[in-house]
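Taking it in order: structure first as structure tokens, then the write-up.
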Amino acid sequence: MLDPVSVYIGVGVIAIGTSAFAVMFWAMLPDTVEYDQWLCGERHEARVFGLATFAQKAALGLNALLLGVLLDSVGFEAGSVQSDETLSGIKAIMTLVPAAGVLVMAGCLYRYPIDARFHAALRKDLAN
């Protein structure tokens with residue numbers, strides 16, 4: 001069993017990572033609007049931000065469905081004492097699913113084409 005201090009430190013690290021992801025996402029989204037304007041000649045802020053908000057809400061719904069399916073697959077029964085196998089399955093869900101998400105996001109960010117230099121040139125080109 002973990003001591004409370006270790007749990008609080010772990011939750012703190014998770015909170016910092018989650019906050020960093022949220023800030024990064026909403027900081028990168030306007031770059032997408034400018035890139036679209038540079039590429040197509042038109043600005044589509046409402047479409048981009050609307051699609052991003054829709055995607056977030058859809059992802060929350062799909063995540064809830066996925067969590068229910070995964071909990072059912074490991075034998076979770078609400079209101080009852082869980083077996084050791086079920087507890088191991090829950091721990092795997094709590095670690096492996098987020099780890100897979102981190103790997104997918106790292107892959108996407110590695111391939112993200114807009115760096116600081118490209119963005120500065122893009123903004124300069126748009127200003128002209």
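Taking Val69 as the residue in question, decide whether it is in a helix (DSSP H, G or I), surrounded by 13 or more Cβ atoms within 10 Å (Cβ to Cβ) and β-branched (Val, Ile, Thr). Steps first, please.
Details: in a helix (DSSP H, G or I): yes; surrounded by 13 or more Cβ atoms within 10 Å (Cβ to Cβ): no; β-branched (Val, Ile, Thr): yes.
Against the criterion (in a helix (DSSP H, G or I), surrounded by 13 or more Cβ atoms within 10 Å (Cβ to Cβ) and β-branched (Val, Ile, Thr)), Val69 does not qualify.
Give Ile93, Ile114 a once-over and let me know the one that is in contact (Cβ under 8 Å) with a residue 60 or more places away in the chain and out of contact with any Gly (no Cβ under 6 Å at 6 or more places or on another chain). Let's see the steps before the verdict.
Numbers: Ile93 fails: in contact (Cβ under 8 Å) with a residue 60 or more places away in the chain.
Checking each option against the conditions leaves just Ile114.
Can you pull out every residue in the range 31-51 that is farther than 14 Å from Arg123 by Cα and surrounded by 14 or more Cβ atoms within 10 Å (Cβ to Cβ)?
His44, Glu45, Val48, Phe49
Of the residues in the range 49-100, how many are among the aliphatic types (A, V, I, L, M), out of contact with any helix residue (DSSP H, G or I) (no Cβ under 7 Å at 6 or more places or on another chain) and over 22 Å from Ile14 (Cα atoms)?
Summing the residues that are among the aliphatic types (A, V, I, L, M), out of contact with any helix residue (DSSP H, G or I) (no Cβ under 7 Å at 6 or more places or on another chain) and over 22 Å from Ile14 (Cα atoms) in the range 49-100 gives 7.
Is it fair to say Gly89 is modelled with pLDDT of 90 or more, at positive phi and either of a type outside the set (Lys, Arg) or not in a helix (DSSP H, G or I) (or both)? Lay out the reasoning, then the answer.
Working: modelled with pLDDT of 90 or more: yes; at positive phi: no; either of a type outside the set (Lys, Arg) or not in a helix (DSSP H, G or I) (or both): yes.
Considered against the rule, which asks whether it is modelled with pLDDT of 90 or more, at positive phi and either of a type outside the set (Lys, Arg) or not in a helix (DSSP H, G or I) (or both), Gly89 comes out as no.
The values are calculated or read from the model by the stated rules, or taken from the named source; none is laboratory data. Keep in mind it's a predicted model, so treat the numbers as computed, not measured. With ideal geometry, Cβ positions are generated from the backbone for all residues, glycine too; neighbour counts draw on all protein chains shown.
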